[in-house]
Amino acid sequence: MSEPEPLPLSALQHWSFCPRQCGLIHLEQAFEDNVHTLRGQAVHARVDAPGFESRAGVRTQRALPLACERLGLVGKADVVEFLSDGTPYPVEYKHGRATKAKHGHDALQLAAQALCLEEMTGRAVAEGALFYASSKRRVPVRVDTALRAAVEAAVTAIRTMLADGRLPPPANDSRCRACSLADSCQPQALAARDKQAALRAALFEPDA
């Protein structure tokens with residue numbers, strides 16, 4: 001039996017934000033840019049060039065390739081700060097304001113990076129940070145038991161979706177306004193279709 005294809009770390013953030021968006025990108029290979037994705041690319045351009053520097057006992061490495069064989073994850077860390085004792089501290093760069101951190105989508109991706117770093121270095125990673133460009137500040141993230149379990153659950157759910165080959169249903173809520181895949185997804189049209197189907201079923205359902 002062949003090994004499943006590695007999952008990109010970004011898939012976890014996509015799944016957490018919207019399972020259908022994750023399916024469109026990673027199942028159907030669909031992607032479109034909008035102002036939000038372009039801003040994200042601009043933020044990442046600052047840290048996408050591989051390199052490292054040392055300062056005050058901390059070695060900072062940019063664009064570090066990551067992998068976790070146990071979970072089948074691959075990707076790249078924007079920045080990893082290696083403390084004086086060798087402990088890695090991942091920092092994920094995001095566009096927008098730090099208030100986005102409350103949703104937890106970005107934290108899931110960061111925690112997956114931490115699991116990769118633990119497997120790669122043999123050192124526990126208890127914390128990382130999300131840097132939000134608009135706010136110009138970091139939001140620390142504790143990589144606790146609950147967050148680790150959420151990473152494993154998301155990996156299982158994504159692999160199940162990919163194996164089934166079926167897109168999750170559309171969200172059709174406030175998330176759709178910022179999604180670059182709204183035209184491909186057509187959440188309002190699909191929601192209206194499903195509502196009409198439910199109404200037809202109710203109208204023509206035989207009496208018990």
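Here are the numbers:
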quantity	calculated
Rg and Dmax [Cα atoms of region 54-119; Å; Rg one decimal, Dmax integer]	12.6, 35
Amide H partners (placed H, <5 Å) of Leu27, local residues excluded	none
Cα centroid separation, region 172-187 to region 105-151 (Å)	27 Å
Inter-label distance for Met120 and Ala149, nm, one decimal - labels placed 7 Å from Cα along Cα-to-Cβ	2.8 nm
Accessible surface, region 87-163, averaged per residue in Å² (probe 1.4 Å)	45 Å²
Calculated SAXS-style log₁₀ I(q)/I(0) at q = 0.09 Å⁻¹ - region 53-173, Debye, Cα scatterers	-0.27
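The values are calculated or read from the model by the stated rules, or taken from the named source; none is laboratory data. All values derive from a computational prediction rather than experimental measurement. Cβ coordinates were reconstructed from backbone atoms using ideal geometry, including for glycine residues, and neighbour counts include every protein chain displayed. The accessibility values were calculated without ligands, DNA or RNA, using every heavy atom of the protein model including side chains. Shrake-Rupley method; radii C 1.70, N 1.55, O 1.52, S 1.80 Å.
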